[in-house]
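First comes the structure, then the notes that go with it.
Values in this text are rule-based calculations from the coordinates and carry no lab data. Predicted, not measured: the structure shown is a model, and the values here were computed from it. Note that we place each Cβ from the backbone using ideal geometry, even for glycine, and neighbour counts take in every protein chain shown.
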Ligand SMILES: Nc1ncnc2c1ncn2[C@@H]1O[C@H](COP(=O)(O)OP(=O)(O)OP(=O)(O)O)[C@@H](O)[C@H]1O
Ligand SMILES: [Mg+2]
């Protein structure tokens, strides 16, 4: 049984068909990667699945329920969580508080209890703080907990977003380029973390430009080009697919050549 | 042990309120003090709205007007004790903020500013035009709160200005305590999160529309109580309390002192309440100097006075 099912999803910006007729599905604990060249529509696809954009066509089905065009905060309640390619950090809050906010759904109480700092409110805050610290340790940011989030490096903020997204205890996690800006060691750590989270039964939808990482950890790969799905399958098959090599891997190879030269 | 910022703020506030009278040369200063506290209460509410949630309102004097006129009207027409009239005003403000906030908080930035401005103008127009009820632009009398008499009966004998200094100081500390509690609570974090990134707040499950409304309603209640205190201590009220200038003053105090910090915003209220009196030495250039000070602070200390100063002191300490 698939946990997340995408059917014929599409959206236009003005005359541009940013995403068109994209469909695939995601089983519990599975890692599915979406790859494709810059501007292929990967982030737009994520934005539609997570309720940030309203798709013009198609459906998103989460655990049997049609959740198309549902606002993000209601999707979060149903266990869908995400990170952002262009960082969305609460800059003026501490690193710890950023991770604590991820527990929002578990710590909600009455405004009255919060105003008067009633024991119930303090208990909820304490519980989410403890859990947030554990998550920060898990992404290697335990020592930075008290720092202002704005002072962290790009790679560290990427990991902070993962910690915040994990705080929801999601069933489906969408990661948009989690390893961008990270060095080789950090990339490997994120790689392990993703595999670990998936092993706990969380379904992961991943967008990542680091092909080695994608090929290593994905169970299934979906390839987008110009908003259309041009191929999907197991990593080995995708790596051999001539259309994919032309549209994406080829383009990257050319890029690499330019970089070397 | 390091004191939490909440305890520090409350201690500083309470100590200043308690100790300042020692240096007062005349009873006039008690009067200035209580005006600072009344303004301080309104800006503490705006810290929740502007500083925590990142939303703007240029119409909050409208709620001060509702609180003020509730104290003038409810005792006469409903036979309520002025204290309960103030509570009624606060409840009314909360209800109106709930109804008004829903549609206008969908707007952002200057659209929200203009819409909230419209609300404030609406309230002051109603207060001016319903002359039969409110006395119109000439204003109306407000009954005595009566608490001073009760205190006298139990042996605490305060002059009128001393009483209002102490009482509004007490309400301010209470208001600051609630706002500081909120800051470190799940609700406060949700507000600050949607300030930082609305889309990220939504994806972690924060119902952004709901929390903006919470901040709007809470700040309206603060403004309303502030208006009630002003009416009760002046024993007279005019529609100016709900006027455009008063709304602008409230926001200016908040932003000048530091919208993100309760103590900072109260400092802003203290400065803008007293500065005009101090600047009278510049005579006809008083307004000019005031404007200049405000511009310089915003250019050189964008976060507001207090946060900028503490940041600089910390930076030097390290
Ligand atoms: N809000 C928007 N308004 C207009 N056009 C948009 C919007 N968001 C995305 N686009 C366009 O849609 C197309 C797909 O963009 P998208 O960001 O989804 O690509 P991507 O695959 O994530 O690329 P990258 O690898 O660079 O992150 C691009 O042409 C982009 O310019
Ligand atoms: Mg993208």
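Would you work out the relative contact order for chain A, in percent, from Cα pairs under 8 angstrom that are 6 or more residues apart? Can you show the working numbers first?
Details: 484 pairs, mean separation 68.5, N = 261.
Computed value for chain A: 26 percent relative contact order.
How would you rank A:180-186, A:224-230, highest first, on the average number of other Cβ atoms within 10 Å across their residues? Present the calculation step by step, with values, prior to reporting the outcome.
Values: A:180-186: 14.6, A:224-230: 19.9.
Going by the mean number of other Cβ atoms within 10 Å, highest first, we get A:224-230, A:180-186.
Per residue of B:189-198, how many C-beta atoms from partner chains lie within 10 Å of its own C-beta, taken as a mean? Show your work: numbers first, answer last.
On the way: counts 12, 5, 0, 5, 9, 2, 4, 11, 6, 2.
Taking the mean over all residues of the peptide, I get 6.
Gain in length, residue B:294 to residue B:16, computed as 0.36 nm per residue apart minus the alpha-carbon separation, to one decimal in nm? List each step's numbers first, then the result.
On the way: separation 278, 0.36 × 278 = 100.08 nm, distance 2.40 nm.
Gain on stretching residue B:294 to residue B:16: 97.7 nm.
For the protein assembly as shown, what is the percent of antiparallel DSSP beta bridges, rounded to the nearest 5? Each step should come with its number before you reach the end.
On the way: 22 of 38 bridges.
So the antiparallel bridges amount to about 60 percent of the total.
Neighbour counts of other C-beta atoms within 10 Å: give me B:248, A:6 arranged from fewest to most. Don't jump to the answer; show the numbers that get you there.
Working: B:248 14, A:6 24.
Fewest-to-most Cβ neighbours within 10 Å comes out as B:248, A:6.
Over segment A:70-145, what is the mean sequence separation of C-alpha contacts under 8 Å (at least six apart), divided by residue count, expressed as relative contact order in percent? Don't jump to the answer; show the numbers that get you there.
On the way: 38 pairs, mean separation 24.2, N = 76.
Dividing the mean separation by the residue count of segment A:70-145 yields 32 percent.
Sort A:215, B:245 so that the residue with the fewest other Cβ atoms within 10 Å of its own Cβ comes first and the one with the most comes last. Can you show the working numbers first?
Working: A:215 16, B:245 10.
Ranking A:215, B:245 by Cβ neighbours within 10 Å, fewest first, gives B:245, A:215.
Report the calculated FRET efficiency for residue A:239 and residue A:209 (r = Cβ-Cβ distance, R0 = 22 Å), to the nearest 0.05.
Numbers: r = 15 Å, r/R0 = 0.69.
The formula returns an efficiency of 0.90 here.
What is the spread of the Cα atoms of chain B along each of their three principal axes, largest first, in whole Å?
51, 46, 45
Compute the length gained on full extension between residue B:210 and residue B:154: take 0.36 nm times their separation in residues and subtract their Cα-Cα distance, giving the result in nm to one decimal. Let's see the in-between values first.
Values: separation 56, 0.36 × 56 = 20.16 nm, distance 4.53 nm.
Between residue B:210 and residue B:154, full extension yields an extra 15.6 nm.
Could you list B:289, B:295 in order of exposure, starting from the residue whose Cβ has the fewest other Cβ atoms within 10 Å? List each step's numbers first, then the result.
Details: B:289 16, B:295 10.
Ranking B:289, B:295 by Cβ neighbours within 10 Å, fewest first, gives B:295, B:289.
Just need the relative contact order of chain B here, percent rounded to a whole number, with Cα pairs under 8 Å and 6+ apart. The partial results should precede the final answer.
Numbers: 495 pairs, mean separation 106.5, N = 318.
About 33 percent, as a whole number.
Could you tell me how many cubic angstrom of Cα convex hull volume chain A has per residue?
Numbers: hull volume 38.0 nm³, N = 261.
Here the figure is 146 Å³ per residue.
Taking the Cα atoms only, what angle lies between the long axis of helix A:119-138 and the longest principal axis of chain A, rounded to 10 degrees?
So the inclination is approximately 40 degrees.
Ranking request for peptides A:69-82, B:296-309: highest mean number of other beta-carbon atoms within 10 Å first, then the rest in descending order.
Working: A:69-82: 20.6, B:296-309: 15.8.
Ranking the peptides A:69-82, B:296-309 by packing returns A:69-82, B:296-309.
Pairing the Cα long axis of helix A:184-199 with the longest principal axis of chain A, what angle in degrees results, from 0 to 90 and rounded to the nearest 10?
80 degrees
Need one value for B:164-170: mean number of C-beta atoms belonging to other chains within 10 Å of its residues' C-beta atoms.
Values: counts 0, 0, 0, 0, 0, 0, 0.
Mean number of neighbouring Cβ atoms from other chains: 0.
Specify the inter-centroid distance of segment B:190-213 and segment A:30-72, based on alpha-carbon positions, in whole Å.
21 Å
Could you work out how far apart the two model spin labels at residue B:275 and residue A:85 are, taking each label as a point 7 Å from the Cα in the direction of the beta carbon, and quote it in nm?
With each label point 7 Å from Cα toward Cβ, the separation is 4.6 nm.
Take peptide A:117-123, look around each residue's Cβ out to 10 angstrom, count Cβ atoms belonging to other protein chains, and average those counts. Let's see the in-between values first.
Values: counts 8, 2, 0, 0, 6, 3, 0.
Partner-chain Cβ atoms within 10 Å, mean over residues of A:117-123: 3.
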